[in-house]
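Presented below is the structure to which this report refers.
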Amino acid sequence: MRSSRGRMTAELRSAVEPTPEQLRRFEAFLTRKYRRKIPLHWMQDDALQNGFRLQVGSDVYDWTLEGRVRQFRDYLRHLDAGQSNVLPLIRQAVEEWEPAVAPEEIGEVLSVDGEIATVGGLEHAQYGEILIFAAGVKGMVQDLRRDKLSCVLFSGSEDVTAGSMVRRTRKTAGMPVGEDFLGRVVDALGVPVDGKGRILSEGYRPIEAPAPGILDRQPVNAPMETGLLAIDAMFPIGRGQRELIIGDRQTGKTAIALDTILNQKGKDVVCIYVAIGQKTSSVAQIVENLTRRGAMEYTAVVSAPAGASAALQYVAPYAGCALGEYFMNQGKDVLIVYDDLSKHAVAYRTLSLLLERSPGREAYPGDVFYLHSRLLERAAHLCDELGGGSMTALPIVETQAGDVSAYIPTNIISITDGQIFLESDLFFSGQRPAVNVGLSVSRVGGDAQTRAMRSAAGALRLELAQYREMEVFTQFSSDLDEATKRQLVYGQGLMRLLRQPQYAPLSQHRQVILLVSAMNRVMQTVPLERMDDFENHLLAFLEESAPDLCSRIDLTGQLSGEDREEIVQLAGRALEAFRSGGKRGA
């Protein structure tokens, strides 16, 4: 502590007045530690029944029983808990441990306002550092000022009161990481919330980390297949890409992300699903669907539901990203879904307003763009020298009445490498996934497709754009020539082909078979109401008639001219069998 003249003094607190001998020992300690004589004052504190607490400026030496227990608990946390038998480690720790004489930096809560605590006395605390409050409540420093700082509380704000003690940890906010997180549901701090017991972590990664530099990356040139024909054929996603999924509420955004996760089964891809601001029941249903279909074996779920604090919702995507980087740095391919960043921006706006930061457009603070750019830029395809791993990001953003020009959507569109726009009118008309061909785009394009998919899709997007334009033009015309009618029927068939039920992703050879057959107009004479039956019949027919062809497409990603001709011929035979009363489904 400092006197009014700026002279440093020391304050000794205890419930019982120290003896003259104890005071002499404390004064000698101060002289030896600070190399000068420091005035020492004793103050009675009935809360300290088991020892002394010495404070010199912002340095606190806690020689109470509670302080020693806390030091020993922190020491035990550094044991190698990965061993099968930790009893010898604990025995060794008890025998070798000695109380530390290093000072702790302890501050005092000045005020608490909602999820924000204002703290004084922590002169050396850093931005993003974790602080420990009374009753074990954790918080993170988010605002630094000359004589105080503001800290967001992760939980238990009702247990933090003005005048209570705050302790520095000297650790930035981080996420425990490890293989055992696969198949589990954790909160934004890495604590399990699925009732399956403790997770043994293999490390600890800060939630904030710099994105890989240009020289640490390699081009996006390998596909991250979604299993959805409308996306893989026209708006392919590559490993290491950032592809935005955007649309109004209840238009199938999460369904696309879940189908993409399901399609990674057996492909050695680690999936991470980050739920931000959703209902707990919705997250539980998603986990149940993934578990039932065997996808939780390679998936970790980070959940910050609507009932969680704004601080946890703010931290959640960064925590999920830190877990993904752990696997990426091991050379693995990672798919991470942020569902959704609209709610993430709202949580950050809430914290910023409580921190008294100036509101800007739509009441968001001026740094909201940086909020998402420093998150999404961490998705990358690393160079071979760094292991060649990748992390593909699928952020989800909710629009209001299809307005993609709002503040948060435009921010994220400018950060990502493309967007899949889902249209409400298409969704309610039964076109699912309701992908708008005109507004959707992938800036990686054919580089993220196999040659087989690129060859099979051909001019599909152009054909659909012509159909949509012709459909609008012919609304007001009743007399159509035969060529126009055929073009309309062909376009309707293509639109029907792109319909796909949820939880039914298609393998590559199935997509190639459907595309080649459709683009060669094999399906043009099939009535729309029987299109689904014919697709099932066609796929079963070819998989039975040409299994080597199907395997070759999946393994090599190639489609030769002979393969294309064989598919067209077999599709024609399948159509004849279907017309003659062949089975309706496989």
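Roughly how tilted is helix 310-328, in degrees to the nearest 10 and between 0 and 90, from the longest Cα axis of the chain?
Taking the Cα atoms of the chain, the angle to 310-328 is about 70 degrees.
If you wrap a convex hull around the alpha carbons of segment 327-405, what volume per residue comes out, as a whole number of Å³?
Working: hull volume 9.2 nm³, N = 79.
Convex hull volume per residue, Cα atoms: 117 Å³.
Looking at 282, 324, 246, which one has the Cα that reaches farthest to the positive end of the dipole of segment 198-356 (charges on Cβ: Lys, Arg +1; Asp, Glu -1)?
282
Considering only protein heavy atoms and a probe of 1.4 Å, how much of the accessible area of segment 120-225 is carbon and sulfur, as a whole percent?
Using a 1.4 Å probe with all protein chains present, segment 120-225 comes out at 52 percent carbon and sulfur.
Please figure out what share of the DSSP beta bridges in the chain is antiparallel and state it in percent, rounded to the nearest 5. Mind showing how you got there, number by number?
Details: 49 of 84 bridges.
Bridges in the chain are about 60 percent antiparallel.
Could you order the peptides 160-167, 331-338 from most to least packed, using the average number of other C-beta atoms within 10 Å per residue?
Going from most to least packed, we get 331-338, 160-167.
Starting from a Cα-only point model with no solvent, please compute log10 I(q)/I(0) by Debye for segment 143-247 at q = 0.11, 0.12, 0.24 1/Å.
-0.68, -0.78, -1.26
Just the Kirkwood number for segment 276-430, please: inverse of mean 1/r across all distinct Cα pairs, in Å, one decimal.
17.0
Around residue 394, what is the net charge, scoring Lys/Arg as +1 and Asp/Glu as -1 over all other residues with Cβ under 9 Å from its Cβ?
Numbers: positive: 242; negative: 243, 339.
Net charge around residue 394: -1.
If you bin every alpha carbon distance in segment 268-329 into 5 Å steps from zero, what whole percent lands in each bin?
So the P(r) values, bin by bin, are 4, 19, 25, 22, 18, 9, 2.
Given the Cα-Cα distance of residue 19 and residue 127 and 0.36 nm per residue of separation, how much length would full extension add, in nm?
Numbers: separation 108, 0.36 × 108 = 38.88 nm, distance 4.15 nm.
That pair, residue 19 and residue 127, stretches by 34.7 nm at full extension.
Quick check: residue separation of residue 385 and residue 148 times 0.36 nm, minus the Cα distance between them. What number comes out in nm?
80.9 nm
Given N residues in segment 199-242, what is Rg(Cα) / (2.2 N^0.38 Å)? Could the numbers behind the result be given before it?
Details: Rg = 15.6 Å, N = 44, 2.2 N^0.38 = 9.3 Å.
That ratio works out to 1.69.
Could you list log10 I(q)/I(0) for the chain at q = 0.10, 0.12 Å⁻¹, which the Debye formula gives when each Cα is one point scatterer?
-0.92, -1.19
Sorting check: for 504-513, 403-412, 346-355, which peptide has the highest mean count of neighbouring beta carbons within 10 Å, and how do the rest follow?
504-513, 346-355, 403-412
Average projected area of the Cα convex hull of segment 416-506, in nm²?
7.3
Given a cut-off of under 8 Å on Cα pairs at least six residues apart, what relative contact order in percent is computed for the chain? All intermediate terms of the calculation are to be shown ahead of the outcome.
Working: 1104 pairs, mean separation 69.5, N = 586.
Computed value for the chain: 12 percent relative contact order.
What number do you get for segment 436-565 when its Cα radius of gyration is normalised by 2.2 N^0.38 Å, N = residues? Please list the in-between numbers first.
Numbers: Rg = 15.9 Å, N = 130, 2.2 N^0.38 = 14.0 Å.
Ratio of Cα Rg to 2.2 N^0.38 Å: 1.14.
Tell me what the chain gives for mean residue ellipticity at 222 nm when only DSSP H runs of n ≥ 4 count, each as -39,500 (n - 2.57), the sum divided by the residue total, rounded to 500 deg cm²/dmol.
Helix contribution divided over all residues of the chain: -11500 deg cm²/dmol.
The values are calculated or read from the model by the stated rules, or taken from the named source; none is laboratory data. The shown structure was predicted, so the numbers you read here are calculated from the model rather than taken from an experiment. Neighbour counts run over all protein chains shown; Cβ positions are idealised from the backbone, glycine included. Heavy atoms of the whole protein, side chains included, go into the accessibility calculation; ligands, DNA and RNA do not. Shrake-Rupley method; radii C 1.70, N 1.55, O 1.52, S 1.80 Å.
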